[in-house]
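A short write-up of the structure that comes next.
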Amino acid sequence: MSSILRRIFKGKDQQQHQIVIIGLDSAGKTTIVNRLLRSEFIPTTRTLGVNYRTVKYRQIMFSLIDLGGQEIYRNLLWQPSLEKADAIVFVLDSADLRITEASTAFWESMKQNEQAPVLFIANKIDLPGARTFDTIVQDLDLTRATRSSRPVGLFRISAKTGENFYDAFDWLADVVVGSESVFKCKLRVVILIDLDSHKIWTTKYTSLGNEILNEFNKSISETMHDLLKEPAGMEVIIASDLQLVVVKNHPLVVGLIIGYSDSVVRSKLIAERLMNTASASIEIGEFSSQVLTKLVKRQWPLDIYKPKSQD
Ligand SMILES: Nc1nc2c(ncn2[C@@H]2O[C@H](COP(=O)(O)OP(=O)(O)OP(=O)(O)O)[C@@H](O)[C@H]2O)c(=O)[nH]1
Ligand SMILES: [Mg+2]
């Protein structure tokens, strides 16, 4: 077989996933690409136009389209690349003061491609001026993104030191090959409340700090309070490295604590199934909390958080 034929066959065997990397200039996009290629920190110069690279990551071929982040490239080059993206990586410099500009660039890009999964990277967490995760989520309104139907993963990393770097790209690799695991969530706490604010079922899969639990209870009370105005809906609050999800569907409310890059859409599905089961059993006067405990164990065993020591 001639070498050209071999190359064609190889190309056919191995599907390449187009990963479009965007973010303001100097966010760290090319540094991330270099770390993917060489597993180390390599100094960069600004990208003029676009930089194409291919990398095999955990047996998956990524075709990386590393776009220049300066305004001229944002206007000229981003849209045509985004339209063809299989996945989008948005990189933010966590210490950059241009937060409004970054937010506009992010949300404009989301409009250019409404389907592709999004890996949101808050980079440069090694810098002393890096914003906290909560601030970034709030400033860029990221809960709106995690609530959308496409997979959205949020990660804080340092492309310089490598902190959390592979967690982020493992998530992306799972997403592009359609692995089930990314659509799972790791339930820490689930709580079911009725309209009279009675906790009718609570289950904790791990112990959590009081601060988080207080925040969780507060967000549940606020949602209960709004229940009269709006009988169905959902709230997502990011607290530390967790998400507090409150789903209401008159007359019940379910609160869940999940990991910060877990699928909110999936946690909503679990909450709705729990509410349906609970209301059906309440109606016939046969409610028992064991039924719900068993339901979670049977239906979503992989969505239950297991602390590392129990793995
Ligand atoms: N401290 C720190 N510096 C970083 C990190 N990542 C990148 N940098 C530095 O940030 C500067 C810009 O990085 P680049 O990777 O070139 O940024 P870019 O997003 O590709 O920029 P453009 O190509 O202009 O769009 C460089 O000096 C990098 O060394 C990080 O995690 N921590
Ligand atoms: Mg660059």
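Couple of notes before you dig in:
- Between Ala280, Ala105, Ala239, the Gaussian network model of the chain with springs among Cα atoms under 10 angstrom shows the greatest mean-square fluctuation at Ala280.
- Within the listed set Leu187, Leu142, Leu76, the Gaussian network model of the chain (springs between alpha-carbon atoms below 10 Å) gives the highest mean-square fluctuation for Leu76.
- For q = 0.18, 0.27 Å⁻¹, Debye-computed log10 I/I(0) when each Cα of region 23-75 counts as one equal scatterer: -0.58, -1.07
- Amide hydrogen neighbours beyond the local backbone of Arg131, cut-off 5 Å, H modeled: Ala95
- The loop-placed GluC sites (Glu not before Pro) in region 14-88, going by DSSP, that have at most 12 neighbouring Cβ atoms within 10 Å of their Cβ come out as Glu40.
- For the chain, the longest principal axis of the alpha carbon atoms and the long axis of helix 289-299 meet at an angle near 30°.
- Loop sites in region 95-138: chymotrypsin sites (Phe, Trp or Tyr not before Pro), DSSP, at most 14 other Cβ within 10 Å: none
- Sequentially through region 189-195, phi angles give Karplus couplings (6.51, -1.76, 1.60; θ = phi - 60°) of 9, 10, 9, 10, 10, 9, 4 Hz, Gly and Pro residues having no value and appearing as x.
- Helix-only [θ]222 nm of the chain, DSSP H runs n ≥ 4, -39500 (n - 2.57) each, per residue, nearest 500: -11500 deg cm²/dmol
- 3J(HN,Hα) along region 17-28: 9, 7, 10, 9, 10, 10, x, 4, 4, 6, 6, x Hz, from the Karplus curve 6.51 cos²θ - 1.76 cosθ + 1.60 with θ = phi - 60°, whole Hz, x for Gly and Pro.
- Shown for region 153-307: the carbon plus sulfur share of the solvent-accessible area, taken with all protein chains present and a 1.4 angstrom probe, equals 50%.
- Exposure of His198 as accessible area (Å², to 10), given a probe of 1.4 Å and all protein chains: 110 Å²
- Loop GluC sites (Glu not before Pro), region 230-311 (other Cβ atoms within 10 Å of the site Cβ: 16 or fewer; DSSP): Glu286
- Entries in Lys160/Lys297; Lys111/Lys268; Lys84/Lys229; Lys29/Lys84; Lys56/Lys84; Lys84/Lys306 that, when Cα-Cα distance is taken, lie over 30 Å: Lys160/Lys297; Lys84/Lys229; Lys84/Lys306
- Of all DSSP beta bridges in the chain, antiparallel share, percent nearest 5: 60 percent
- On a per residue basis, the chain carries 51 Å² of accessible surface, using protein heavy atoms and a 1.4 Å probe.
- Once the Cα atoms are used to define both axes, helix 99-112 deviates from the longest principal axis of the chain by about 90 degrees.
- Just checking the listed ones, Ile257, Ile21, Ile282: in the Gaussian network model of the chain with Cα springs under 10 Å, the one fluctuating most is Ile282.
- Cα centroid separation, region 154-170 to region 278-309 (Å): 34 Å
- Measuring spread by the Cα atoms of the chain yields a radius of gyration and Dmax of 21.7, 75 Å.
- Note that region 85-98 has calculated 3J(HN,Hα) couplings of 6, 7, 8, 10, 10, 9, 10, 10, 7, 4, 9, 6, 6, 7 Hz, one per residue in order, obtained from phi through the Karplus relation 6.51 cos²θ - 1.76 cosθ + 1.60 (θ = phi - 60°); glycine and proline are x.
- Where only C-alpha atoms are counted, convex hull volume of region 3-182 per residue in Å³: 124 Å³
- Student exercise, the chain dipole from Lys, Arg, Asp, Glu Cβ charges, in Debye to nearest 20: 1200 debye
The values are calculated or read from the model by the stated rules, or taken from the named source; none is laboratory data. Note that the structure is predicted; figures quoted are calculated from it, not measured. Positions of Cβ are backbone-derived with ideal geometry, glycine not excepted, and every protein chain shown enters the neighbour counts. Just so you know, the surface numbers come from the protein's heavy atoms only, side chains and all, with ligands and any DNA or RNA stripped out. Shrake-Rupley method; radii C 1.70, N 1.55, O 1.52, S 1.80 Å.
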